[in-house]
Every structure is written in C-alpha cells, then in structure tokens.
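Data block below; observations after.
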Amino acid sequence: MLTRRLLPALAATLLPGLAQAQALPGRRRTQDPDVTMPEPSRRAWADQVPVIRYGIMGGENEADRLGRFEGYRALIERTFGVPTRLFPASDYAGVMQGLSAKQLELAALGPSGYAGAWMDTDGGIEPLTITQQGDGSISYVSVLVVRADSGITSLEQMRGRSLAWADPNSTSGYLIPRFQLRRLGIGVESGQYFGRTGFAGGHEQGVVAVLQRQYDGAVTHASTLGDPAQGYSRGNLRAMVDKGMLRMSDVRIVWTSEPIMNGPLAVRTDLPADFKRDMQTFQLALVKSHPDIARQIARGDTIGAVEARHEDYALFVDMRREEAAARRRRS
C-alpha cells in the first residue's frame, strides 16, 4: 500500500525542519564566498553544445513565461557565447518529452516532473540546483482554493463538490495532494469524496476555473510566507496577483499540504561535465549579480540556490511508481 510504504519517508522529507538549506550539509550554495558568476567567454564545451535549449514548464500563458525568462536567456547567451533558446511547452509533459528526446539541454522542473523525466530517460537527467526562498527555505506547499463567496470554509465542505487538478505531472497540483488526501482517508478519484475531478491544464487555469465557477476548488502552489493579501512571497497565487489576474479577497484556502521540496534545475547527464559545472555555478551566482532576473524566474523572493542531488528526489520517483501502479489496477 502507498501510505504504509512511503509515509515514514514522506514525513522525514517534508517536515519543515528538513526543508531548510541548512539540512543539506556539504552542498555548494549561493552564500559561499567562492561562488561568483562565470567570466564571459566561449567555452570548450560549446563544440558539443552549440545551442543551449531551455525548456519552460506550463502553468501560465506562453507570453508571460517567455517574458519572465527573456533576461535570463540573454544573460546565458552573453556569458557563454552560445545561442540560447527558450522552449515553452503547453504542459509539463512537453518539457519532460523534450529532455527524453534530447531536444533540450536544461529545464526547471517540479519534483514530480523531475522524477517522471528521470524515469522516462532511465536516469538520463540529473539535478543541478534547488532555489532557496527569501527565508532560506527550499520548500513550498500545495493549497486548495475555493471562491470566497462559495460558502465552503473547510475541506469537509468540499465533499461532493468538484475539484480541478493542475496537471498530471504537477507535484503540488496533483501528486502531493492526492497522496496526502489519501492519508486522511479521502478517496481522490472522481465520484469518491469529490463529486467530480478533472484537469484544468495548469495552475493558472485551475484558479481561473474556480473564479469562473467551472470548479468548486483547485489545487495550486504557494509559499505561505509573506503577506497573504498579496498571494504570499512567491508561487502561483502571488504571480496571478502580480499580473492582475487574482485578488486574494476573491478566494479562500481551505487546505494546505505539508512542505514540499522545491524542484530542481535539471540537465541531461550525457552533456559535458564542464557544461554542467558552468551552468550550476551560473545558477548559484545569479542572485548575487542579477537579483532582478533571479526573482523573475523564481516568481518571487529568493536568496539564491543550493546544489541539488538525485537523492533529494528519490521519494518522488517512488511516489510516481506507486501512482502508476494504482492507475494500472484501476484500468
């Protein structure tokens, strides 16, 4: 059973105390004095990597994603003298498939997306860095939001109501809420506890569907740090508030998950070691030299990043395997 097998590991991984960068000893991090932005020059690895293709996950509209990442793209190109291209996918699976087909070199992934891509490529990707929030933590949460005028004030009152998942490859919008709700004894399949469930097509789309009364509730991600009226310090709610798509007074949070490890910047393992090292250092040093660009791609407050390792996401690989096994049993 999923809960009996994975609950101890999940609790250890998601406890707030372990979701701090200080709990990752021996890792390179932005605050290290020797972490500085690489000097601009064309590298030897450019012969093997003539173009850097960076995949951007779905969850918000394409124009906004390209706008947020343009300064980042241009900085990579100027630093390493290699053409850099952005590839925004319509959904999470598009980026995962791009890595699997070796059509992308890099991508910022959620924990579930990383686990899925790692499985799809038979270990053909590896994590480089994990973003730190403004308080130094490396975690976020899944939240279930409803309309403020819906009369729904608790998870219990979602019984029989409709719920929108964000994307089947989303951690906060699918994998973790399903796991943790099951742990509470709540059946997550359509018609069990919730009257109807479905996929909204992304995090923004899920919240919009709630605002437009297409669903009673939706799961998305937030930091739970900072000002609640502004959508907290970072995450989808803050991004939607900043873009004028949402007023927090129009929604209510009726359930919050345990903390979830931030997803990594991931790279294909078959690429040159010097390329991977340069990109890791670039990411670690980004907030020191270009804080505005760092905040743009982090969608909120950040003090930098810390070195990531595959072991940080091994639990999510197990969870995805269990979820796949559950789907096979249902079919």
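Residues in the stretch 87-119 that are touching a Gly at 6+ places or on another chain (Cβ under 7 Å) and among the charged types (D, E, K, R): Asp91 only.
Residues are listed down the side, and each one gets a yes or a no for (1) among the aliphatic types (A, V, I, L, M); (2) farther than 19 Å from Val317 by Cβ; (3) in the same structural domain as Gln31 (by TED's automatic domain parsing):
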| position | (1), (2), (3) |
| --- | --- |
| Glu70 | no, yes, yes |
| Ala117 | yes, no, yes |
| Thr121 | no, no, yes |
| Glu126 | no, no, yes |
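Here Val241 meets the list (1) of a type in the set (A, V, I, L, M); (2) farther than 24 Å from Leu24 by Cβ; (3) in the same structural domain as Glu62 (by TED's automatic domain parsing) almost entirely, failing just condition (3). Total residues in the stretch 184-210 satisfying the condition of being more than 19 Å from Arg327 (Cα to Cα) and either hydroxyl-bearing (Ser, Thr, Tyr) or crowded, with 18+ Cβ neighbours inside 10 Å (or both): the figure is 11. Of all residues in the stretch 29-47, those that are on the phi < 0 side of the Ramachandran plot have Cβ atoms under 6 Å from Cβ atoms of residues that are in a loop (DSSP other than H, G, I, E, B) and not aliphatic (A, V, I, L, M), 6 or more apart or on another chain, in Arg42/Gly81; Trp45/Pro272. Being more than 26 Å from Asp242 (Cβ to Cβ), in a helix (DSSP H, G or I) and among the basic types (Lys, Arg) is a description that does not apply to Arg73.
Residue pairs whose Cβ atoms lie under 8 Å apart, separated by 6 or more positions or on different chains, with the first residue in the stretch 77-93 and more than 26 Å from Trp45 (Cα to Cα) and the second among the β-branched types (Val, Ile, Thr), are Ala89/Ile56; Ala89/Val95. If the condition is being out of contact with any strand residue (DSSP E or B) (no Cβ under 8 Å at 6 or more places or on another chain) and on the phi > 0 side of the Ramachandran plot, then the stretch 81-112 contributes only Gly81. Of the candidates Gln230, Gln212, the single residue that is out of contact with any helix residue (DSSP H, G or I) (no Cβ under 7 Å at 6 or more places or on another chain) and in the same structural domain as Leu181 (by TED's automatic domain parsing) is Gln212. Within the stretch 254-265, identify whether any single residue is surrounded by fewer than 17 Cβ atoms within 10 Å (Cβ to Cβ) and among the β-branched types (Val, Ile, Thr), and answer yes or no. Yes, because at least one residue in the stretch 254-265 is surrounded by fewer than 17 Cβ atoms within 10 Å (Cβ to Cβ) and among the β-branched types (Val, Ile, Thr). Of the residues Val146, Val207, Val188, the single one that is hydrophobic (A, V, I, L, M, F, W, C) and either assigned by TED's automatic domain parsing to the domain that holds Arg65 or assigned to a strand (DSSP E or B) (or both) is Val146.
Applying the set (1) buried (at least 18 other Cβ atoms within 10 Å of the Cβ); (2) within 20 Å of Phe316 (Cβ to Cβ); (3) modelled with pLDDT of 95 or more to Gly235 leaves exactly one unmet item: (3). When Ala325 is tested against (1) in contact with a Leu (Cβ under 7 Å, 6 or more places away or on another chain); (2) free of Cβ contacts under 8 Å to residues at least 24 places away in the same chain, just one condition goes unmet, and that condition is (1). Each residue in the stretch 238-253 was checked for being surrounded by fewer than 21 Cβ atoms within 10 Å (Cβ to Cβ), part of a loop (DSSP other than H, G, I, E, B) and among the aliphatic types (A, V, I, L, M), and 1 of them qualify. Screening the stretch 302-312 for residues that are more than 15 Å from the chain's Cα centre (by Cα) and over 16 Å from Phe282 (Cβ atoms) and picking the one that is surrounded by the most Cβ atoms within 10 Å (Cβ to Cβ) gives Ile303.
The values are calculated or read from the model by the stated rules, or taken from the named source; none is laboratory data. Because the structure is a prediction, the values reported are computed rather than measured. Note that we place each Cβ from the backbone using ideal geometry, even for glycine, and neighbour counts take in every protein chain shown.
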